[in-house]
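A quick write-up on the structure given underneath.
The values are calculated or read from the model by the stated rules, or taken from the named source; none is laboratory data. Bear in mind that the values here come from a model prediction, so they are computed numbers and not experimental data. FYI the Cβ positions are ideal-geometry reconstructions off the backbone, even for glycines, and counts take in every protein chain you see.
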């Protein structure tokens, strides 16, 4: 797990995002146990409460669930939920910024589409 302590994004949000990235990459699979707050806090040398806050975000997003007597588990359907959220949230923001910058630079819609096609 990679966290940037100098980033403006809070550490607990970076933790949630890093776990989601591990789920999307297949490092963590649906039905697997997630990293515990103790493991995360030791690995990153942070307060366990900060790690717990990152895990709690994923519980609220319905990505993780507490199975009685076990650790937090990655829910079935987590990959699709993460993809849907990131598509709606992250890509929408990136597209808005891209279009705004393209307009500032006088790049036409066709030119922008060509640039995207060339680089995709």
*Does at least one position in region 4-27 carry a residue that is at pLDDT 95 or above, surrounded by 12 or more Cβ atoms within 10 Å (Cβ to Cβ) and in a strand (DSSP E or B)?*
no
_residue 57 within 24 Å of residue 89 (Cα to Cα) and either modelled with pLDDT of 95 or more or touching a strand residue (DSSP E or B) at 6+ places or on another chain (Cβ under 6 Å) (or both)_ = yes
*Scan region 66-78 for residues that are at pLDDT 95 or above and more than 18 Å from residue 13 (Cα to Cα) and jot them down.*
73, 75, 76, 77
_Test result for residue 65, part of a strand (DSSP E or B) and surrounded by 13 or more Cβ atoms within 10 Å (Cβ to Cβ)_ = yes
*How about region 29-62: which of its residues are assigned to a helix (DSSP H, G or I) and farther than 20 Å from residue 2 by Cβ?*
49, 56, 59, 60
